[in-house]
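Below is one structure, written out as structure tokens; the observations come after it.
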Amino acid sequence: MKQSRSKNVAITLFIALLLTPVYWLLNMSFKTNQEILGGLTLFPNTFTLDNYAVIFSDPSWYNGYLNSMTYVAMNVVITLLVALPAAYAFSRYRFLGDKHLFFWLLSNRMAPPAVFLLPFFQLYSSIGLFDTHIAVALAHCLFTVPLAVWILEGFMKGVPREYDEMAFIDGYSFPKFFIKVFLPMIRSGIGVTAFFTFMFSWVELLLARTLTSVDAQPIGAIMTRTIGASGIDWGVLSAAGALTIIPGILVIWFVRNHVAKGFALGRV
Amino acid sequence: MQKIQNNRAWWLVLPVFLLVAFSALIPLMTVVNYSVQDIFGPGQAFYVGTEWFKEVLGDERLQDSLTRQFMFSGAVLLIQIPLGISVALMMPKSGIKGSVCLILIAIPLLIPWNVVGTIWQVFARGDIGLFGWGLNELGFDYNYTGNTVDAWLTVLLMDVWHWTPLVALLCYSGLRAIPEAFYQAAEIDRASKWAVFRYIQLPRLKSVLIIAVLLRFMDSFMIYTEPFVLTGGGPGSSTTFLSQTLTTMAIGQFDLGRAAAFSLIYFLIVLVISWLFFTAITQADKEQ
């Protein structure tokens, strides 16, 4: 029993340390700039929501969140639409070049985004997609699709093929079987995949910033505006940062019971 | 599971193939195209062969940032993997406490990378940040914007904070997959805690650990946004890693040929190291 108590203390301590920087961000977001710069206080003396009010009342601020959410949502939808059939093919069939294709897909996960900055910029400019949400969503597919195929394949392998055969004997067509029978069976896998796709698209900024200028600018790029001629507006910067954490927490809440399984990814 | 040979499965893979080819092959070809040319303006490009590659490989600035990059990635792996494993071992096994732990630990992973940089930029400041202020109060002369060592340690600490949760969660899911019978057998044998870890848990964690090491290596090798926001690569160029050197070259100086050659070398390094690591692991597996 003693052992498990010291374990509990250690894990609590770790989580506390992990959350300290986040606590500090929240703390600052509820302070006025005078208090932030005036001295160190562990809790806001004069609690204020002004910093958040700035963000929610100014369209150029809150549009940043809407832009980010739009391209992330697009990315999740595109990724799942193409990755589901592909993962099914990889989990059920052998076909010409399947192994090479799989590794080629994964190798894109290894490409440093910085390498693709300039070509992406030119590619999307030349087809007239620069500064649109879909451009960022497509660019993010470069690393979300390989990951999604990988995770989904792991989940699909867990479904015995007898189900497929039974459904076909019962007269189901492939699309009908896939949507009505198969997808419900790997619900949790789809949830986990959506979570990872969301996560990697939400946190990325380098590509998102390069491919946009005004209309589809992500919140991360807008945050730099707080650095003005008179110095940095720390309060608003903290509030904007704090707000970016919320979507992630909401999404992980929905998949919390399956996420441990998803982290095991496909087997190597 | 026995797989069926069926080439028509290509139809199911085709959308993925086209999509990834569009966002990977076309840009990659563009990079290759640039890397062998010298471009002065629209329609004024000259074929220069391997000239850029030679120049890039001999460039001291790049060699320096490559060295820094290897040191950083090495330090990241040495700290995060053991720490991640120990956190996973301590996490509650199930129930509501397990879920809450999982979500709290995952929080750093869900924060946009530039915000991660911002959080630490504020947190580590001597005047308004708890961390920097605390260190100064304790008598340490800490200043991450002026002192090279401090800047390095801050970037490293930030990365440990940011990514150890990923290693921990990967290991946690690996641990959950161990059947209870293994532990019961160990108990009957009166195996020590260490023996349980060494002979039951660690071998069973191998596949997730391979993924963790690969992901952490690849991602730390590509790190850009966080140090860019936190230190801007400074003081001097002490925390300028490969991605930042490349981005400055391509976007800042618009040095297309050189940047393209650099990109290809960069990509190759990541590919080769990941492949070497992967082969070494699978080889060691066969010999056992």
Discussion item. Just to be sure before I move on: is residue A:192 farther than 30 Å from residue A:119 by Cα, assigned by TED's automatic domain parsing to the domain that holds residue A:87 and buried (at least 20 other Cβ atoms within 10 Å of the Cβ) in the structure I sent?
Written reply: yes
Fill in: Test result for residue B:117, small (Gly, Ala, Ser), without any contact (Cβ under 8 Å) to a residue 24 or more places away in the chain and in contact with a helix residue (DSSP H, G or I) (Cβ under 9 Å, 6 or more places away or on another chain)
no
Worksheet item: Any residue in the stretch A:126-143 that is among the aromatic types (Phe, Trp, Tyr), facing another protein chain (nearest Cβ under 7 Å) and either buried (at least 21 other Cβ atoms within 10 Å of the Cβ) or touching a Lys or Arg at 6+ places or on another chain (Cβ under 7 Å) (or both)?
Response: no
Fill in: Output for the stretch A:83-110, where each listed residue is of a type in the set (A, V, I, L, M, F, W, C) and at the interface with another protein chain (Cβ under 7 Å from one of its Cβ atoms)
A:83, A:86, A:89, A:95, A:96, A:101, A:105, A:110
Practice prompt. Please work out if residue B:178 is surrounded by fewer than 18 Cβ atoms within 10 Å (Cβ to Cβ), more than 9 Å from chain A (Cβ to nearest Cβ) and among the β-branched types (Val, Ile, Thr).
Written response: yes
Practice prompt. Give the residue that is farthest from the chain's Cα centre (by Cα), with candidates limited to residues of the stretch B:181-209 that are at the interface with chain A (Cβ under 9 Å from one of its Cβ atoms) and surrounded by 16 or more Cβ atoms within 10 Å (Cβ to Cβ).
Written response: B:207
Discussion item. If the requirement is being closer than 22 Å to residue B:268 by Cβ and at pLDDT 85 or above, which of these qualifies: A:129, A:101, A:84, A:106?
Written reply: A:101
Item to complete: Say whether the condition of being facing another protein chain (nearest Cβ under 9 Å) and either free of Cβ contacts under 8 Å to residues at least 40 places away in the same chain or assigned to a helix (DSSP H, G or I) (or both) is met by at least one residue in the stretch B:140-149.
Response: no
Discussion item. Residue B:108 - would you say it is touching a helix residue (DSSP H, G or I) at 6+ places or on another chain (Cβ under 7 Å), assigned by TED's automatic domain parsing to the domain that holds residue B:218 and not in a helix (DSSP H, G or I)?
Written reply: no
Discussion item. Is it the case, given these coordinates, that residue A:198 is within 11 Å of another protein chain (Cβ to nearest Cβ), among the aromatic types (Phe, Trp, Tyr), surrounded by 20 or more Cβ atoms within 10 Å (Cβ to Cβ) and within 30 Å of residue A:69 (Cβ to Cβ)?
Written reply: yes
Fill in: Qualifying positions in the stretch B:87-115 - of a type in the set (Ser, Thr, Tyr) and either facing another protein chain (nearest Cβ under 7 Å) or surrounded by 16 or more Cβ atoms within 10 Å (Cβ to Cβ) (or both)
B:99
Worksheet entry | Test: residue B:75 is buried (at least 21 other Cβ atoms within 10 Å of the Cβ) and either in a helix (DSSP H, G or I) or free of Cβ contacts under 8 Å to residues at least 40 places away in the same chain (or both) | no
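The rows are residues; the columns are (1) within 20 Å of residue A:41 (Cα to Cα); (2) at pLDDT 85 or above; (3) assigned by TED's automatic domain parsing to the domain that holds residue B:77.
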residue	(1), (2), (3)
B:119	yes, yes, yes
B:123	yes, yes, yes
B:131	yes, yes, yes
B:138	yes, yes, yes
B:146	no, no, yes
B:163	no, yes, yes
Discussion item. It is to be established whether one or more residues within the stretch A:108-120 are more than 27 Å from residue B:250 (Cβ to Cβ), of a type in the set (A, V, I, L, M) and in contact with a helix residue (DSSP H, G or I) (Cβ under 8 Å, 6 or more places away or on another chain).
Written reply: no
Discussion item. Quick check on my filter: what residues within the stretch B:243-279 are at pLDDT below 85, surrounded by 21 or more Cβ atoms within 10 Å (Cβ to Cβ) and more than 10 Å from every other protein chain (Cβ to nearest Cβ)?
Written reply: B:257, B:258
Item to complete: Quickly run through the stretch B:129-151 and pick out the residues that are on the phi < 0 side of the Ramachandran plot, surrounded by fewer than 19 Cβ atoms within 10 Å (Cβ to Cβ) and not charged (D, E, K, R).
Response: B:133, B:134, B:135, B:136, B:138, B:140, B:143, B:145, B:146, B:147, B:148, B:149
Worksheet item: Which of the following residues is farther than 21 Å from residue A:121 by Cα and either surrounded by 21 or more Cβ atoms within 10 Å (Cβ to Cβ) or more than 12 Å from chain A (Cβ to nearest Cβ) (or both): B:36, B:56?
Response: B:56
Worksheet item: How many of the residues in the stretch A:121-135 are part of a loop (DSSP other than H, G, I, E, B) and either touching a Leu at 6+ places or on another chain (Cβ under 9 Å) or in contact (Cβ under 8 Å) with a residue 40 or more places away in the chain (or both)?
Response: 4
Discussion item. Going through A:91, A:6, A:107 one at a time, which residue ends up being out of contact with any Gly (no Cβ under 8 Å at 6 or more places or on another chain), surrounded by fewer than 20 Cβ atoms within 10 Å (Cβ to Cβ), among the small types (Gly, Ala, Ser) and in the same structural domain as residue A:157 (by TED's automatic domain parsing)?
Written reply: A:107
Discussion item. Quick check on the stretch A:69-82. Is at least one of its residues surrounded by fewer than 22 Cβ atoms within 10 Å (Cβ to Cβ) and facing chain B (nearest Cβ under 10 Å)?
Written reply: yes
Worksheet item: Taking only pairs six or more apart or across chains, which ones have beta-carbon atoms under 6 Å, a first residue in the stretch A:37-52 that is under 13 Å from residue A:238 (Cβ atoms), and a second residue that is part of a helix (DSSP H, G or I)?
Response: A:51/A:29; A:51/A:235; A:51/A:236; A:51/A:239; A:52/A:239
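The values are calculated or read from the model by the stated rules, or taken from the named source; none is laboratory data. Treat the numbers as computed from the prediction; the structure is a model and nothing was measured. Quick reminder, even Gly has a Cβ in these numbers, built from the backbone with ideal geometry, and neighbours come from all protein chains shown.
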